[in-house]
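Engineer: Okay, here's the structure, questions in a sec.
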Amino acid sequence: MTDTLNVRGEHVEGELALSIAPGTVAADRDRALDAALGPVLTDAAGKLGAVVASPPHRFARILPGLDTEGRTRFVIRGRSEGGCLVPAHNSQPTNQRNKNDRRKN
């Protein structure tokens, strides 16, 4: 797990690894992310003079594969906008965005 997030300019980024059992429902995974990310996001927002504007799990996106200890990996991204720290991920997963962008011949 990460103890701190990198704050660069108006952006916050980092990685997090959590032990998430196979078959865990999204609500339980989100609660685990909220508990792990809440304090570090609050610290990062404080460095930017901002407040966290979304639940912590909204800042995380799952990465493919597991870390060396078998934990699920997440990328954490946020940006400061008008005094608020907001998630900085695209609204659609990459595979859906690419699927929707294809033109039919």
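The values are calculated or read from the model by the stated rules, or taken from the named source; none is laboratory data. Note that the structure is a prediction, hence the values are computed from the model and not measured. Reconstructed Cβ throughout: ideal geometry from the backbone, glycine too, with neighbour counts over all protein chains shown.
Engineer: Can you name the number of the only condition in (1) in contact with a strand residue (DSSP E or B) (Cβ under 9 Å, 6 or more places away or on another chain); (2) small (Gly, Ala, Ser); (3) modelled with pLDDT of 95 or more that Ala27 fails?
Structural biologist: Condition not satisfied by Ala27: (1).
Engineer: More than 20 Å from Thr4 (Cα to Cα) and outside any strand (DSSP E or B): which single residue out of Ala21, Ala32, Ala45 fits that description?
Structural biologist: Of Ala21, Ala32, Ala45, the one residue that is more than 20 Å from Thr4 (Cα to Cα) and outside any strand (DSSP E or B) is Ala21.
Engineer: If you don't mind, there's one more thing I want to ask. Search region 25-46 for residues that are within 13 Å of Arg77 (Cα to Cα) and pair each with any residue that is assigned to a helix (DSSP H, G or I) when their beta-carbon atoms are under 9 Å apart and the residues are at least 6 apart or on different chains.
Structural biologist: Cβ pairs passing all conditions: Leu37/Pro56; Leu37/His57; Leu37/Phe59; Val40/Pro56; Leu41/Pro56; Leu41/Phe59.
Engineer: Can you tell me which of Ala44, Ala60 is of a type outside the set (S, T, N, Q) and either under 26 Å from Pro22 (Cβ atoms) or at pLDDT 95 or above (or both)?
Structural biologist: Step by step, each of Ala44, Ala60 is checked, and only Ala60 is of a type outside the set (S, T, N, Q) and either under 26 Å from Pro22 (Cβ atoms) or at pLDDT 95 or above (or both).
Engineer: Any chance you could count how many residues in region 48-70 are closer than 16 Å to Val7 by Cα and assigned to a strand (DSSP E or B)?
Structural biologist: Residues meeting the conditions: 3.
Engineer: Another question, then. Say we look at region 1-18 and pick out the residues that are more than 17 Å from Ser80 (Cβ to Cβ) and assigned to a loop (DSSP other than H, G, I, E, B); which of these is modelled with the highest pLDDT? Talk me through it step by step, then tell me what you get.
Structural biologist: First, the residues of region 1-18 that are more than 17 Å from Ser80 (Cβ to Cβ): 1-3, 15-18.
In the following step, the residues that additionally are assigned to a loop (DSSP other than H, G, I, E, B) were identified as 1-3.
Details: Met1: 56, Thr2: 56, Asp3: 59.
Ranking the candidates gives Asp3 first.
Engineer: Sort out which residues of region 69-79 are touching a Gly at 6+ places or on another chain (Cβ under 8 Å) and buried (at least 20 other Cβ atoms within 10 Å of the Cβ), and write them in order of number.
Structural biologist: Answer for region 69-79, where residues must be touching a Gly at 6+ places or on another chain (Cβ under 8 Å) and buried (at least 20 other Cβ atoms within 10 Å of the Cβ): just Ile76.
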